[in-house]
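Here's the structure, in structure tokens; my notes come after.
The values are calculated or read from the model by the stated rules, or taken from the named source; none is laboratory data. Since the model is a prediction, treat every value here as computed from it, not as a measurement. Here the Cβ positions follow ideal geometry from the backbone for every residue, glycine too, while neighbour counts run over all protein chains shown.
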Amino acid sequence: MIAIIDYDAGNLTSVKRALDYLGIQSRITPDPDEIMTSERIIFPGVGHAASAMNTIIKRGLDQALKESYTKGTPILGICLGTQIILSHSMEGNTDCLGLIKGDCPEFKPENPRLKIPHMGWNQIRKLSDHPILDNVDPGDEFYFVHSFYPQPHNPSSILAVCEYEIEFPSVIGCNNLVATQFHPEKSGPAGLRILSNFSSWDGNLC
């Protein structure tokens, strides 16, 4: 069973529907105990980092995530969930979970015609092999909606990048944690492959 963390962020039901389509059992839950006893965890979300962190701490989900990460439970972050696993976000100037050391800066394009948020379909470029990216081919496009982006301190945590005036990390990971800045649940067949890969990933890197 995959636990989908409920912290009043958007897009939870879209993730559940995608998993249902794949025949993968999942449950949306705000319960820390249920999250810590699940086989896998998806940490999705659309929203504001500072307000999201307030809810996460209030519900004890921060400790549930930290303990699950420490004991090796496979975890997938999506969009806001990807940003919150880092140390700090400039969105609300808030401290985050620190599962991966890093920051979350804001897009500040030099081209005034470049729209923020970065919204729509874009390609990613893999920097390293990872089980979550199996069968993701060059030219595959994924759906993005974000004004901030993840920036891990350790370059080895960057698994794939995307270009939107600047090159930014689009998939990051460390140990049993992997996270996508794009929305696999909204990214058609390529995104479904990522969710399917995660459902069979044991948390090891090879």
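Tell me, which strands (runs of 3 or more DSSP E) lie completely within the stretch 121-206 with 2 or more residues that are in contact with a strand residue (DSSP E or B) (Cβ under 6 Å, 6 or more places away or on another chain), closer than 17 Å to ILE2 by Cα and at pLDDT 95 or above?
177-180
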(message) Restricting to the stretch 55-74, count the residues that are in a helix (DSSP H, G or I) and farther than 16 Å from ILE42 by Cα.
(response) 3
(request) Being under 22 Å from PHE168 (Cβ atoms), buried (at least 17 other Cβ atoms within 10 Å of the Cβ), among the aliphatic types (A, V, I, L, M) and touching a helix residue (DSSP H, G or I) at 6+ places or on another chain (Cβ under 7 Å) narrows it down to one of ILE75, ILE4, so name that one. (result) ILE75
(message) Looking at the stretch 151-166 only, could you name the residues that are in contact (Cβ under 8 Å) with a residue 40 or more places away in the chain and closer than 30 Å to LYS71 by Cβ?
(response) GLN151, PRO152, HIS153, ASN154, SER157
(message) Here are the criteria: (1) at pLDDT 95 or above; (2) part of a helix (DSSP H, G or I). Tell me which single one LEU86 does not satisfy.
(response) (2)
(message) If I filter the stretch 35-49 for residues that are at pLDDT below 95 and either aliphatic (A, V, I, L, M) or outside any loop (DSSP other than H, G, I, E, B) (or both), do I get at least one hit?
(response) yes
(request) Kindly list, by first and then second residue, each pair from a residue in the stretch 47-68 that is closer than 17 Å to CYS104 by Cβ to a residue that is part of a helix (DSSP H, G or I) and among the charged types (D, E, K, R), limited to pairs with Cβ atoms under 9 Å and residues at least 6 apart or on different chains. (result) MET53/ASP62; ILE56/ASP62
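Out of PRO189, PRO169, I need the residue that is of a type outside the set (D, E, K, R), without any contact (Cβ under 8 Å) to a residue 12 or more places away in the chain and out of contact with any Gly (no Cβ under 7 Å at 6 or more places or on another chain). Which one? Full working, then the answer.
Values: PRO169 fails: without any contact (Cβ under 8 Å) to a residue 12 or more places away in the chain.
Step by step, each of PRO189, PRO169 is checked, and only PRO189 is of a type outside the set (D, E, K, R), without any contact (Cβ under 8 Å) to a residue 12 or more places away in the chain and out of contact with any Gly (no Cβ under 7 Å at 6 or more places or on another chain).
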(message) Checking THR29 against (1) in contact with an Asp or Glu (Cβ under 7 Å, 6 or more places away or on another chain); (2) surrounded by 22 or more Cβ atoms within 10 Å (Cβ to Cβ), only one condition comes out false. Which one?
(response) (2)
(message) Residues that are on the phi > 0 side of the Ramachandran plot, surrounded by fewer than 23 Cβ atoms within 10 Å (Cβ to Cβ) and not acidic (Asp, Glu): does the stretch 157-179 have at least one?
(response) yes
(request) Check LEU195, LEU177 and return the single one that is more than 25 Å from PRO109 (Cα to Cα), in contact (Cβ under 8 Å) with a residue 40 or more places away in the chain and touching a Phe, Trp or Tyr at 6+ places or on another chain (Cβ under 8 Å). (result) LEU177
(request) Give the stretch 138-150 a look and list any residue that's of a type outside the set (A, V, I, L, M, F, W, C) and in contact (Cβ under 8 Å) with a residue 40 or more places away in the chain, or say none. (result) ASP140, GLU141, TYR143, HIS146, SER147, TYR149, PRO150
